[in-house]
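S.K.: Have a look at this one before I ask anything.
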Amino acid sequence: MQYRRARRKFDDEPENHERWLISYADFITLLFAFFVVMYAISSVNIGKYRVFSDALGDAFGGAGSAQLINTEVPSLPLPNVAIKRRADAVRKEKEHMTKLAQDLLSTLAPLVKEGKVRVTQNSRGVSVEINASVLFDPGDARLTTESTEALRAVASLLRNDSHNVQVEGHTDNQPIRNALFPSNWELSAVRASSVVRLFVDAGVGAERLTAVGYSSNVPVASNDDPIGRARNRRVAVTILSGIPETITEIPTGLPNQ
């Protein structure tokens, strides 16, 4: 009789529905410990790595210690590996562009010595600046017979290259108005297009080429004297660097729609 009463009392006790919290807390603790260890390994140095491996070795009966010590320690954290790869790519691209600039200088050496061609290099790429007097008659956008030889030599270097090329036409600030060109805008744009057309005919991929006319808006010398104006009348062939630019989106400050 007493046994039945005790059994009834036990059966009447409320069931504990929160026992799962114990397992859940154990799981969260282990997960936290796992991420702490992963973070420590990501910025490991040799001393810390050996201490960590010894601790694990002791915990697992010494079997893991030797294996961890003999394991090759990563030389760089993962983010630094990506930075190093980008730095290597930038270095190789700069070396390639420098080689291209040297080849252009060698190919156009006679015109460079005469001061009619300048080859420069910067972060944008390699630029070949050709005086308009080498390429065109005054007020005209048709390439002279003498100029095609120099431009085809440049095209031979660009033909097997993969970089995009921008051809820019520039004039001085003296107004022009004739049957073909109502202003320097048209003259500069058509001159750039004439060079692009020759490059295409010489085998340079048309998809890599762009023609731009700047009129007199980007002078490299003063337009106050004939020498300066002669320098400003030019065509610039720029082989654009293949290094990707880092693009940062500017926050608008507007609330999300």
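The values are calculated or read from the model by the stated rules, or taken from the named source; none is laboratory data. Bear in mind that the values here come from a model prediction, so they are computed numbers and not experimental data. We place every Cβ from the backbone using ideal geometry, glycine too, and count neighbours over all the protein chains shown. Protein only, heavy atoms only, side chains kept; ligands, DNA and RNA dropped before computing areas. Shrake-Rupley method; radii C 1.70, N 1.55, O 1.52, S 1.80 Å.
S.K.: With all protein chains present, calculate the accessible area of Thr29 using a 1.4 Å probe and round the result to the nearest 10 Å².
M.R.: Ignoring ligands and nucleic acids, Thr29 comes out at about 90 Å².
S.K.: Multiply the residue separation of Asp103 and Asn173 by 0.36 nm, subtract the distance between their alpha-carbon atoms, and state the gained length in nm to one decimal. Could you put the intermediate results ahead of the total?
M.R.: Values: separation 70, 0.36 × 70 = 25.20 nm, distance 3.30 nm.
Extra length available between Asp103 and Asn173 comes to 21.9 nm.
S.K.: Calculate, in nm to one decimal, what Asp161 and Tyr24 gain on full extension: separation in residues at 0.36 nm each, minus their alpha carbon distance.
M.R.: Numbers: separation 137, 0.36 × 137 = 49.32 nm, distance 6.08 nm.
Gain on stretching Asp161 to Tyr24: 43.2 nm.
S.K.: Rounded to the nearest 5, what % of the DSSP beta bridges within region 106-257 are antiparallel ones?
M.R.: Numbers: 20 of 25 bridges.
Within region 106-257, antiparallel bridges account for around 80 percent of the total.
S.K.: All other residues with a Cβ under 11 Å from the Cβ of Val117 taken together, and with Lys, Arg as +1 and Asp, Glu as -1, what is their net charge? List each step's numbers first, then the result.
M.R.: Working: positive: Lys113, Lys116, Arg118, Arg234; negative: Glu114, Glu129.
Result for the local shell: +2.
S.K.: Of all the accessible heavy-atom surface of region 113-215, with the other protein chains kept in place and a 1.4 Å probe, what percent is carbon and sulfur?
M.R.: Working: 2510 of 5290 Å².
The computed percentage sits at 47.
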